[in-house]
Amino acid sequence: MNTAGRNSLVDYHCYTDGEDGTWTYLRTKNTVYGWVWDPYLSGDGSGIRC
């Protein structure tokens, strides 16, 4: 499993709806990709729907 730290810089790509809210697909500086629950992200994640 790959993780990003609290102060890691990430690029938000898009978001999708889930059972417990919205999730953003993002990429870290080291090109690690993954889904993150939007309440964990600054600005509540991406504003672009996947």
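The values are calculated or read from the model by the stated rules, or taken from the named source; none is laboratory data. These numbers were taken from a predicted model, which means no experiment stands behind them. A quick note on method: Cβ atoms are made from the backbone with ideal geometry, for glycine too, and the neighbour counts reach across all protein chains shown. For accessibility, only protein heavy atoms count, side chains too; no ligands or nucleic acids. Shrake-Rupley method; radii C 1.70, N 1.55, O 1.52, S 1.80 Å.
Does Arg27 satisfy being open to solvent by 90 Å² or more (accessible area, probe 1.4 Å) and among the basic types (Lys, Arg)? For Arg27, the condition - open to solvent by 90 Å² or more (accessible area, probe 1.4 Å) and among the basic types (Lys, Arg) - is not met.
What about Asp44, is it more than 8 Å from the chain's Cα centre (by Cα), among the charged types (D, E, K, R), at pLDDT 95 or above and surrounded by 10 or more Cβ atoms within 10 Å (Cβ to Cβ)? So Asp44 fails the test.
Gly21: among the small types (Gly, Ala, Ser) and open to solvent by 50 Å² or more (accessible area, probe 1.4 Å), yes or no? When the stated conditions are applied, Gly21 does not pass them.
Yes or no: segment 25-41 includes at least one residue that is among the polar types (S, T, N, Q), under 12 Å from the mean Cα position of the chain (by Cα) and modelled with pLDDT of 85 or more. Checking segment 25-41: not a single residue is among the polar types (S, T, N, Q), under 12 Å from the mean Cα position of the chain (by Cα) and modelled with pLDDT of 85 or more. Counting only strands (runs of 3 or more DSSP E) that sit wholly inside the chain, those with at least 1 residues that are in contact with a helix residue (DSSP H, G or I) (Cβ under 8 Å, 6 or more places away or on another chain) are 10-18, 21-28.
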